[in-house]
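The values are calculated or read from the model by the stated rules, or taken from the named source; none is laboratory data. This one's a predicted model, so the numbers in the text were calculated from it and none came from an experiment. Positions of Cβ are generated from backbone atoms using ideal geometry, with glycine treated the same way; all protein chains shown enter the neighbour counts.
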Amino acid sequence: MTDLTPITALGADKPAKQQFGPLRISENPAAALASLALRRGASRPMPMGLELPGPGKWAAGHGVAAFWTGPDQWMIEAENRAIEDFAADLTAHAAGCSITEQTDGWTVFEIVSESGDAPIRAMMEKLVNLDVAAFGPGSATRTGLHHMSVFLIRRSGDRLAIMTMRSTASELWHVLEETAKGLG
Amino acid sequence: MLIPHPLLGLRDAQEFTYLGDARLIERPDGMAEGAEAAFADYVYLRDNPAGVHRELWFHEQGDRSWLVVTRDTVTHEILGAELARDVALRGKGGAA
């Protein structure tokens, strides 16, 4: 069999991780992702027992998390399960729904603040044209960031995840790096 | 310009792309009598009002839904927005 060497979305052999003042930005290659869409007229499932969130929201529990991506559509995240066939497992828990594997199609960067929510809010104000005050913990949305299409997830007051398509991961890392440096 | 998305609230118009007159939803029946004339009108004829206009906007960098936005083309005031899916279903007499 061909001997392949796995690399991360940024082309390295280890996930990126860097500290900028109070902010720690790290690439999260371990999260499995799958999208879930309802068929017409179908009722909303509770995959793995998780209640799927409403528009603009993110919810976690039962070992998975989900955020709303559009009418009757969600993205389901499973921490540390990127090497498994998560979509197959999810299909078994959401009968009749359309499930599509998304792991590695997206690159997730986790931003964690060591001094409360102020640095996270400052980052968001620099990066995206959203109402930061209204984007509290449990919010998630898709928006434009430097002409890239990204998802933002406010996991908690001091944590923000930004994900982009894998092909634009290095551009997003560059933007995050420059912005975080500028805040210091 | 901010567009009041019916599900997500006020969103920057830069997240959207514009298609045009919302009458594009009312596609004629291609098998009906006089379909050729109906399609000629559908494809080529547009009202171009100076005033209140209903238009299709796509939330491309967002939840990817189509909206019908009512906008005053003179003042750029946005008077309302609803999901194009609801408008289309209402047009067909179905439940939204």
note = Within the stretch A:1-47, the count of residues that are under 21 Å from the mean Cα position of the chain (by Cα) and on the phi > 0 side of the Ramachandran plot comes to 1
ask   = So is B:Phe39 surrounded by 13 or more Cβ atoms within 10 Å (Cβ to Cβ), free of Cβ contacts under 8 Å to residues at least 24 places away in the same chain and not hydroxyl-bearing (Ser, Thr, Tyr) or not?
value = yes
ask   = In the stretch A:92-146, which residues are hydroxyl-bearing (Ser, Thr, Tyr), more than 14 Å from chain B (Cβ to nearest Cβ) and surrounded by 19 or more Cβ atoms within 10 Å (Cβ to Cβ)?
value = A:Thr103, A:Thr107, A:Ser113
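Taking the condition out of contact with any strand residue (DSSP E or B) (no Cβ under 8 Å at 6 or more places or on another chain), over 30 Å from A:Thr164 (Cα atoms) and within 14 Å of another protein chain (Cβ to nearest Cβ), does B:Leu89 pass?
Details: out of contact with any strand residue (DSSP E or B) (no Cβ under 8 Å at 6 or more places or on another chain): yes; over 30 Å from A:Thr164 (Cα atoms): yes; within 14 Å of another protein chain (Cβ to nearest Cβ): yes.
Taking the combined requirement at face value, the residue satisfies it.
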message = What pairs come out if I take residues in the stretch A:120-137 that are assigned by TED's automatic domain parsing to the domain that holds A:Lys57 and pair them with residues that are surrounded by 14 or more Cβ atoms within 10 Å (Cβ to Cβ) and assigned to a helix (DSSP H, G or I) whose C-beta lies under 7 Å away, six or more apart or interchain?
response = none
task = May I ask you to list the residues in the stretch A:86-136 that are modelled with pLDDT of 95 or more, among the charged types (D, E, K, R) and in contact with a helix residue (DSSP H, G or I) (Cβ under 7 Å, 6 or more places away or on another chain)?
result = A:Glu101, A:Arg121, A:Glu125, A:Lys126
note = Only one of (1) under 20 Å from A:Thr69 (Cα atoms); (2) touching a residue at least 40 places away in the same chain (Cβ under 8 Å); (3) under 13 Å from the mean Cα position of the chain (by Cα) does not apply to B:Gly80, and that is (1)
note = Restricting attention to the stretch A:1-59, the residues that are surrounded by 14 or more Cβ atoms within 10 Å (Cβ to Cβ), assigned to a loop (DSSP other than H, G, I, E, B) and in contact with a helix residue (DSSP H, G or I) (Cβ under 8 Å, 6 or more places away or on another chain) number exactly 5
request  = Would you please name the residue that is farthest from the other protein chains (Cβ to nearest Cβ), looking only at residues in the stretch A:45-82 that are touching a residue at least 24 places away in the same chain (Cβ under 8 Å) and more than 19 Å from A:Ile153 (Cβ to Cβ)?
outcome  = A:Pro45
request  = Just name the residue that is farthest from A:Arg142 (Cα to Cα) out of those in the stretch B:67-86 that are within 11 Å of chain A (Cβ to nearest Cβ) and surrounded by fewer than 17 Cβ atoms within 10 Å (Cβ to Cβ).
outcome  = B:Asp86
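Right, A:Ile153: over 21 Å from A:Leu52 (Cβ atoms), more than 10 Å from chain B (Cβ to nearest Cβ) and either at pLDDT 95 or above or in a strand (DSSP E or B) (or both) or not?
Numbers: over 21 Å from A:Leu52 (Cβ atoms): no; more than 10 Å from chain B (Cβ to nearest Cβ): yes; either at pLDDT 95 or above or in a strand (DSSP E or B) (or both): yes.
Here the answer is no, as A:Ile153 does not meet what is asked.
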key: Looking only at the stretch B:10-59, and only at residues there that are within 14 Å of chain A (Cβ to nearest Cβ) and part of a loop (DSSP other than H, G, I, E, B), the one that is nearest to B:His76 (Cα to Cα)   = B:Phe16
